[in-house]
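Some notes on the structure that comes next.
The values are calculated or read from the model by the stated rules, or taken from the named source; none is laboratory data. A quick note: this is a predicted structure, and the numbers were derived from the prediction, not measured. Cβ placement follows ideal geometry from the backbone for every residue including glycine, while neighbour counts extend to all protein chains displayed. For the accessible areas, the whole protein counts, side chains as well, though only heavy atoms, and no ligand, DNA or RNA atoms are used. Shrake-Rupley method; radii C 1.70, N 1.55, O 1.52, S 1.80 Å.
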Protein chains: 2
Amino acid sequence: MGKSNLELVKECDRFPYYQDDPAFYTAHLENYHRFKVSGCDAVLGYILNSVVEKFPWPADFWAVDGATRTVTLVTGADATPAQRSRQVAQTLAAAVEQGTFEILRGWRDELYPIYGPGGEFLLEMERSATPLFGVVSYGIHATCYVEDNDDDDDRGLRIWVPRRSRTKQTYPGMLDNSVAGGMSSHERPFECLVREASEEASLPEAVTRANARAAGCVTYCYVRSSKAGGETDLLQPEVEYIYDVRVGADVVLQPGDSEVEQFHLLSVDETQAALARGEFKPNCAVVLIDFFIRHGILTAENEPDFLEILARIHRRLEFPTASHAAN
Amino acid sequence: MGKSNLELVKECDRFPYYQDDPAFYTAHLENYHRFKVSGCDAVLGYILNSVVEKFPWPADFWAVDGATRTVTLVTGADATPAQRSRQVAQTLAAAVEQGTFEILRGWRDELYPIYGPGGEFLLEMERSATPLFGVVSYGIHATCYVEDNDDDDDRGLRIWVPRRSRTKQTYPGMLDNSVAGGMSSHERPFECLVREASEEASLPEAVTRANARAAGCVTYCYVRSSKAGGETDLLQPEVEYIYDVRVGADVVLQPGDSEVEQFHLLSVDETQAALARGEFKPNCAVVLIDFFIRHGILTAENEPDFLEILARIHRRLEFPTASHAAN
């Protein structure tokens, strides 16, 4: 008896819901400070109290209010994203120098965007620091699959599944999605997909552009466990833009960098068995479950937790999120 | 400038969210009583206070507690669904006799199921009464479409869109989904689809069984407006199981009963224009928006409210929901 699909979803969507137990939820929030920037009413993330205590907050950049449990990045009224980002970068540099946080030892040298209401770009922040602030991060996940005959029973399709390098910093040796990666500032979802597919899976740009189809997104509120590395209990709300990439049997996915050990072409049954054994990285399990639902493989009639799963993998996050539509 | 997709979603998903404004949400809940059955902790629906005041609650069946704003169907510890359903039926019969509620003049003579935690079947209730109790109702919606060439740009597909009869009780003359209908007690989603497709669209059972593909569900929390008929502000949380039915150009959908005036085969552009003009019944708009997202027609790059839309049309309802998986 392996893990159920709902158990897999719950490993990823771990932050409590108000409606399940208002008293517990309200008490749980007391473990966090709200992260805000001056001039913007919205709460951008939740910072664990233990992180707030350890952080060397330069007083000229930050206001920490213990009474309202709020940490505010203080800027002038006409501050630009570049100014806010510089203040955060200086704060993080001090924390790195003092060795305050284990998670910052995994410094990625990639900048992740943070948005305000209406998708306004407010600032960018080193990727490895985003869980310290509990801000929303963005990525793309694609399922590359082969389908020999085009009947309506998609159980016959096969999915390209990579195994992560055993030396990778996070989730070493676990199974992953065909193509997956984080979106840096100023990157848009489809272009991120094209880049990652080429880098990680050696998928030629022309194949991705011709065969990829946008299919929505999954959203959930992850809370970091020891498997993720670094401090635990940090909040990590995530948005993953989803693509289906149907490829011909002649297309072979291959590791394009050292992050992937090897690609395997798995049947639906083999993929579901690996899911039940807990072999997939948690958020990859969620993306595959969404794929199986959209393709009629998981249905109301064969998945007992169908409705709970669909709602949880499309969680309405408590923070403002991005808008990538050209205006 | 027509209605945006988010505006269409908001016409359907109208109940406030705690996270948007906790104080407003908490105050808003004071307009409702919780509906419970004895022996079950879960809240099954919200009953508008004005409905609680008008309802002729037989004291031997019901406990109305103004302090906790709770209406409880009182039964013995070993009550069966049949017993609970009988008590509710007698209560409704008295309300009909006294002409208490306008909405009950639309009596449907169909029984809708109400579930407890874990999908336990608790009771069934006349369809037209369910908004009085604010309980979750269930239905199926299918999008029947023709796609001449199987390229990845689905903009070339055409959708079968019916116009509702001008004499229909609810939403007369509005556009609808190819096949849509409510699920009665003991009915399961796929069989409901097959029945409705035959009754409403003259789609032969064999065509539906061969071509329909389950594709998830949409969930939202409707609050009844005057367009829905009867009392307004009643809560109507809904689950719609979603199917895509790709049919050949030789298949022609035709009204099978008096509920549909005529079917039209609309292009994506024509469908989107009709949506923006507000011509679709609200929950049908939501189903089409979900279809467009899953088919790569609405994407993060062309829909500014992509993330908010996806979360709201997969709302995690505040009440227990069904499980239709065979055990």
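Structure data summary
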quantity: Index of the failed condition, A:V9 passing every other in (1) within 25 Å of A:V239 (Cα to Cα); (2) outside the structural domain of A:V218 (by TED's automatic domain parsing); calculated: (2)
quantity: Qualifying positions in the range B:33-72 - surrounded by 21 or more Cβ atoms within 10 Å (Cβ to Cβ), modelled with pLDDT of 95 or more and either of a type in the set (S, T, Y) or farther than 24 Å from B:V239 by Cα (or both); calculated: B:Y46
quantity: Some residue of the range A:14-27 being under 26 Å from B:F15 (Cα atoms), among the aliphatic types (A, V, I, L, M), open to solvent by 30 Å² or more (accessible area, probe 1.4 Å) and in a helix (DSSP H, G or I); calculated: yes
quantity: Filtered residue count, the range B:268-327, keeping only those that are in a helix (DSSP H, G or I), within 14 Å of chain A (Cβ to nearest Cβ), surrounded by fewer than 24 Cβ atoms within 10 Å (Cβ to Cβ) and among the acidic types (D, E); calculated: 1
quantity: Every pair of residues 6+ apart whose Cβ atoms lie under 7 Å, when the first sits in the range A:1-20 and is within 15 Å of A:L310 (Cα to Cα) while the second is of a type in the set (D, E); calculated: A:S4/A:D305; A:N5/A:E303; A:N5/A:D305; A:L6/A:D305; A:L6/A:E308
quantity: Per-region count, the range B:161-186, residues under 17 Å from the mean Cα position of the chain (by Cα) and either surrounded by 21 or more Cβ atoms within 10 Å (Cβ to Cβ) or under 20 Å from B:Y145 (Cβ atoms) (or both); calculated: 10
quantity: Flag for B:T219 being at pLDDT 95 or above, under 21 Å from the mean Cα position of the chain (by Cα) and within 14 Å of another protein chain (Cβ to nearest Cβ); calculated: yes
quantity: Tally, over the range A:247-259, of residues that are closer than 11 Å to A:W160 by Cβ, open to solvent by 20 Å² or more (accessible area, probe 1.4 Å) and touching a residue at least 12 places away in the same chain (Cβ under 8 Å); calculated: 2
quantity: Within the range B:178-203, tally of residues that are more than 13 Å from chain A (Cβ to nearest Cβ) and either under 30 Å from B:L29 (Cα atoms) or among the basic types (K, R) (or both); calculated: 5
quantity: Any hit, the range A:100-112, residues being touching a Leu at 6+ places or on another chain (Cβ under 6 Å) and either closer than 30 Å to A:G248 by Cα or away from chain B (no Cβ under 14 Å) (or both); calculated: no
quantity: A:M125 vs. criteria open to solvent by less than 10 Å² (accessible area, probe 1.4 Å) and touching a Gly at 6+ places or on another chain (Cβ under 7 Å); calculated: no
quantity: Pairs, first assigned by TED's automatic domain parsing to the domain that holds A:T170 in the range A:220-238, second of a type in the set (F, W, Y) and modelled with pLDDT under 95, C-beta under 8 Å, six or more apart; calculated: A:K227/A:Y171; A:A228/A:Y171
quantity: Some residue of the range A:89-97 being in contact with a helix residue (DSSP H, G or I) (Cβ under 9 Å, 6 or more places away or on another chain) and surrounded by fewer than 17 Cβ atoms within 10 Å (Cβ to Cβ); calculated: yes
quantity: Check on A:A201, at negative phi and either touching a residue at least 24 places away in the same chain (Cβ under 8 Å) or not assigned by TED's automatic domain parsing to the domain that holds A:V161 (or both); calculated: yes
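Conditions (1) under 18 Å from A:T143 (Cα atoms); (2) modelled with pLDDT under 95; (3) more than 14 Å from chain B (Cβ to nearest Cβ), marked per residue:
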position: A:E205; (1), (2), (3): yes, no, yes
position: A:A210; (1), (2), (3): yes, no, no
position: A:K227; (1), (2), (3): no, yes, yes
position: A:L234; (1), (2), (3): no, no, yes
position: A:Y243; (1), (2), (3): yes, no, no
position: A:V247; (1), (2), (3): yes, no, no
position: A:G256; (1), (2), (3): yes, yes, yes
position: A:E259; (1), (2), (3): yes, yes, yes
